[in-house]
Amino acid sequence: MSLKDRKIIVTGGPTREWIDPVRYISNASSGKMGIALASAAHARSKDTVFIHGPIDPSLLSGGRFRTRAVESTGDLLGAVMDEISPDAVLIMAAAPADYRPAERLGLKIKKGSDELRIDLVKNPDILKNVAARKSADPSLSGLFVVGFAAETHDVEAYALSKLEEKDLDMICMNDVSREGAGFATDTNIVVIFKRGGGRVDFPLMSKRDLASAILDTIETGLAARVK
Ligand code: PMT
């Protein structure tokens with residue numbers, strides 16, 4: 001089944017975990033990589049949905065794909081689980097918060113002592129939940145899953161371990177310490193590692209061109225699967 005017969009689910013942007021009514025934990029993801037992927041996917045698939053955390057809404061103007069806005073990592077997990085289907089390709093370019101405050105306070109924390117500690121608890125790992133559902137449900141065996149790995153050190157080792165641990169078909173390794181790569185830029189530098197071996201190196205590219213190149217690589221991966 002090629003991309004034109006597939007539904008493509010793209011995630012992008014950060015998630016937000018509230019501490020109190022005015023403060024939250026988040027990260028610098030702008031959603032640009034996800035939007036570039038959703039735009040390229042829309043042109044090639046039968047249905048594309050972009051599930052995104054809090055991003056600048058003007059970045060979405062002109063996008064012709066379906067969108068779903070979420071806030072927390074728990075919300076993102078719910079939306080991804082709701083959208084996955086046997087004919088889907090899931091591309092997880094979002095940067096979900098890995099931890100959330102143990103409790104969301106109802107009132108604003110007032111400035112007081114010199115030190116303040118906030119207890120954090122681990123959020124669910126969305127890709128690991130997808131992998132568990134896929135292995136429990138044989139009808140999802142055709143689901144093709146692509147992750148990203150945003151790393152600042154030991155990039156290759158971490159990316160390869162995520163490929164394995166999260167049972168991915170491909171991972172896009174993003175060395176976010178490099179100039180022009182990663183969060184909030186209009187460009188990126190990615191190396192794709194494939195399940196079972198094989199790597200594709202891309203130079204510094206616009207996120208738009210990179211999105212198209214990533215979809216070409218997915219298309220090749222899908223074709224190799226049916227052989
Ligand atoms: O949005 P931009 O400003 O354009 O920036 C793009 C980007 C740098 C955010 C993007 O290219 C990128 O690298 N996204 C992945 C960010 C990330 O969370 O990486 P990670 O190495 O922490 O996570 C590995 C994979 O697991 C990712 O596919 C992530 O979406 C997924 N994940 C992470 C946490 C979690 N709780 N559940 C997950 O499924």
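The values are calculated or read from the model by the stated rules, or taken from the named source; none is laboratory data. The structure presented is a predicted model; accordingly, all values stated were derived computationally and were not measured. Cβ sites come from the backbone with ideal geometry, for glycine too, and all protein chains shown count toward neighbours. Just so you know, the surface numbers come from the protein's heavy atoms only, side chains and all, with ligands and any DNA or RNA stripped out. Shrake-Rupley method; radii C 1.70, N 1.55, O 1.52, S 1.80 Å.
A Gaussian network model of the chain, with springs between Cα atoms under 10 Å, assigns the largest mean-square fluctuation among Ser45, Ser26, Ser58 to Ser58. Between Val22 and Ser2, the contour length at 0.36 nm per residue exceeds the Cα-Cα span by 2.6 nm. Projected onto its three principal axes, the C-alpha set of the stretch 62-120 covers 54, 27, 20 Å, listed from the longest axis down. Distance from a point 7 Å along Cα→Cβ of Val121 to each backbone N in the stretch 49-88: keep the residues under 18 Å and list them by number. Residues 72-78 fall inside that zone. Among the trypsin sites (Lys or Arg not before Pro) within the stretch 73-147, those in coil by DSSP and having at most 13 neighbouring Cβ atoms inside 10 Å are Arg104, Lys108, Lys110, Lys111, Arg117.
Probing with 1.4 Å while keeping every protein chain in the model, the per residue accessible area of the stretch 91-227 equals 58 Å². Taking 0.36 nm per residue of separation and subtracting the Cα-Cα distance, full extension of the segment from Ala223 to Val200 would add 6.7 nm. Whole number please: convex hull volume per residue of the Cα set in the chain, in Å³? Spread over its residues, the Cα hull of the chain gives 137 Å³ apiece. How large, in percent, is the carbon and sulfur part of the accessible surface of the stretch 3-226 at a probe radius of 1.4 Å? Of the solvent-accessible surface of the stretch 3-226, carbon and sulfur hold 50 percent.
Largest accessible area first, the listed residues Thr187, Thr152, Thr217 line up as Thr152, Thr187, Thr217 when surface is computed with a 1.4 Å probe on the assembled protein chains. Note that the stretch 16-66 presents 45 Å² accessible area per residue, ligands and nucleic acids not counted, probe 1.4 Å. If both residues of a DSSP beta bridge must be in the chain, then about 40% of such bridges are antiparallel. Counting other C-beta atoms within 10 Å, and keeping those with at most 14, which DSSP coil GluC sites (Glu not before Pro) do you find in the stretch 42-118? Within the stretch 42-118, the qualifying GluC sites (Glu not before Pro) (loop, at most 14 other Cβ atoms within 10 Å) are Glu103, Glu115.
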